[in-house]
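These notes concern the structure reproduced below.
The values are calculated or read from the model by the stated rules, or taken from the named source; none is laboratory data. Just so it is clear, the structure is predicted and the values come from calculations on it, not from any experiment. No Cβ is skipped: glycine too gets one built from the backbone with ideal geometry, and neighbour counts run over all protein chains shown. Accessible surface is based on the protein model in full, side chains and every heavy atom, while ligands, DNA and RNA are left aside. Shrake-Rupley method; radii C 1.70, N 1.55, O 1.52, S 1.80 Å.
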Amino acid sequence: MGIKSNNPTEAYYNYFSDSGKDAVGSAPPGATQVTGGFLNDYEHSGTWYRAHIFLNPGTFEVTDGTAICDYLVIGGGGGGGNCNGGGGGAGTVLYGEGYTATKGSYTVQAGGGGAGACNNTENQNPELLSYIYNGWPSYVFSREYTAPGGGGGGNGFNPGGWNMGKRGGSGGGGGTNPAGIGRALADDASATYPGSGSKLGRWGSNGGKGSVNVGNGGGGGGAGGVGYHSNSPTIKGGGGSGMTFAAGEILGIELKVGGGGGGGGPAPGGPSGGAVSDNPAATAAGGGQTRATNSANSPGYASALMGTGGGGGGGAAYPGSGGGSGAPGMVIVRYEIPNPGVQAKATGGLITYTPTKVVHSFLWPGTFATEPTWSTTNVEYVCVAGGGAGGSAGTHGPGLGGQGGGGGAGGFRTNVPGVTTADPTVPLTGAAVPLGGPSSFAVTVGAGGYGINQALNDNSRQNGTPSSIAFPGGTITATGGGSGGGIDGGNVQPGGSGGGSGDSNSDPTSVGGPGNNPATSPIQGHAGGNAPGYSGVFSGGGGGGAGAVGGTGGATPANGGAGVECSITGSPVYYAGGGGGGNNQGQANAYPGWGGAGNPHGIGVGAVVPPNGPPIGTPWKDGENYNSAGPGGHGTSGAGGGGGGTAYAAPKEMPGGNGGSGIVIIAYPV
């Protein structure tokens, strides 16, 4: 929830701990006073706008005046199906104009992406399938406008209800099955965007049909086009097209959103002699790529673009080819502001202004380029990598459940003065960066790791990916967070901060993954927490954070390691907290770990469900008497939070929480 600062000298002195973070800019004279989300101030056709971008649940708060708002709400994308599976459907893209926001607080949710289906999904209770693999809804203005999440892709083989693409904002593609079934939209108010004309409305489309033989899955539907059938003459199994918002329409940069995920299947010469093929208008808008291979254990591609609501790609050949995860959704609210009277001296990222700084925040990869007026200046930076995914849970044996460890936070690097770990005697401030002109260099923003069934052991997807700034004088790189361990401590990974160990029945000394790996000076993170072993009441270890080591699992819930505080945006914000370990305080009282966020104490576990999940108190149902087990919560996006560990869920493992995406911020004097 929003936590107001008690420093009255900053008009936008506000940040979010558990639910996201607030980029802070000074309000131009005469402007309506509003807080919430990341900020972007820009001019378009002679009018200045301020946009608030939410990648996490949060609050849009009008503290003074009235704002006439345009809004874009994108549901989370559905996950891809397994083994010749269908692509996930994109989340609904909802665009509106002219909402009058008066003084008060309005809740906002940016829905998480659906998990990619693991290879054993067909054996899980069907009641869980849509809950886990569909994207989550996004909403704005306290649920007044809601964009449903995309439907999960259907699984291949094993005929039954699992083969159909699932309903959603856009429908998931069908997996290989005797009927060749796709699935339509759940919301009859939605329609396919025609590619031109007014964008006002709710946009989404049907998924494509899967093959009737051992062939390809169908593509997930997109906001701008239906998913392609497996036997389409031109694009076999490609995802449905997305939508493009030109620079100035809703943000100061171009935005492509709502692409459907591509289906998975065999390569040419395989059992069916066919192959899937990508739709470029889907992949550019966040849809996961198609996957064509005859090799087992070939997972579908996850959606690559944060906040787009793109569907995940379907898994390829049987067996072991799980689906790719869908992209989280996003909410953007903009309104007119007076000319701030400050001129940026560079381009790139989302630009906003404080009384003393110009701040460029990169939520997606881009280029920082100085203008001709630039003169040699020392710049400040924050570089945070993507957080690692939480570990999945499983069984030690009949009746004995194990808990996943929390994902490690993405590596954190900065040269902002005064930044320390939780121990104030350990500084994290790197060397000054004098930047001459003209300069132009690449900025990379790491994605969070994707929570999957630990049996797949796919570290390339579970670990967070690096963020970097290619300064002319030398590149600054932050390493992705390590994934949390699964059952019996398996597969725990090192990283910028290390993943927490899964609880172990066989190894009483099971340890978390190392942090600050590879080593940097100052350090970029800490180790994950240990999990000393099954004792009847236990939890996985917490993921390491930039500020501290992850908590130790055992008889009490394990917190993720603390994040660190930095004020580069003009307000104190916490980054890079570790994910909490999955917890089982008695087998009838199991709770998934919360995803990591930036806050002073990390994120713990307890009698709660993931922050993008159902209301507190809604039970999980897994076919046995463990009423509260489930997948871990997602880490905070734009802060590099680690994903939460999974609580035991018989009879099959569930995915850990996704790691949060990273961020790069560059600031210089006005």
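Scanning segment 217-246 for residues that are open to solvent by 10 Å² or more (accessible area, probe 1.4 Å), in contact with a strand residue (DSSP E or B) (Cβ under 9 Å, 6 or more places away or on another chain) and in contact (Cβ under 8 Å) with a residue 12 or more places away in the chain yields G224, S230, K236, S241, G242, T244. The combined condition, being closer than 24 Å to A115 by Cα, at pLDDT 90 or above and open to solvent by 30 Å² or more (accessible area, probe 1.4 Å), is fulfilled by N463. Which residues, taken from segment 282-294, are closer than 15 Å to G242 by Cβ and open to solvent by 50 Å² or more (accessible area, probe 1.4 Å)? Answer for segment 282-294, where residues must be closer than 15 Å to G242 by Cβ and open to solvent by 50 Å² or more (accessible area, probe 1.4 Å): just Q289. Considering segment 301-420, the qualifying strands (runs of 3 or more DSSP E), each wholly inside and each with 2 or more residues that are modelled with pLDDT of 90 or more, run over 330-336, 350-353, 357-362, 366-370, 377-384, 412-414.
Scanning segment 267-286 for residues that are assigned to a loop (DSSP other than H, G, I, E, B) and modelled with pLDDT of 90 or more yields D278, N279, A284, A285, G286.
Being without any contact (Cβ under 8 Å) to a residue 40 or more places away in the chain, more than 13 Å from G172 (Cβ to Cβ) and part of a strand (DSSP E or B) is a condition met by no residue of segment 65-87. Condition test on G580, is it out of contact with any Leu (no Cβ under 6 Å at 6 or more places or on another chain), open to solvent by less than 20 Å² (accessible area, probe 1.4 Å) and modelled with pLDDT under 55? The answer is no for G580. In segment 330-344, is there at least one residue being in contact with a Gly (Cβ under 7 Å, 6 or more places away or on another chain) and crowded, with 18+ Cβ neighbours inside 10 Å? So far as segment 330-344 goes, yes, one or more of its residues are in contact with a Gly (Cβ under 7 Å, 6 or more places away or on another chain) and crowded, with 18+ Cβ neighbours inside 10 Å.
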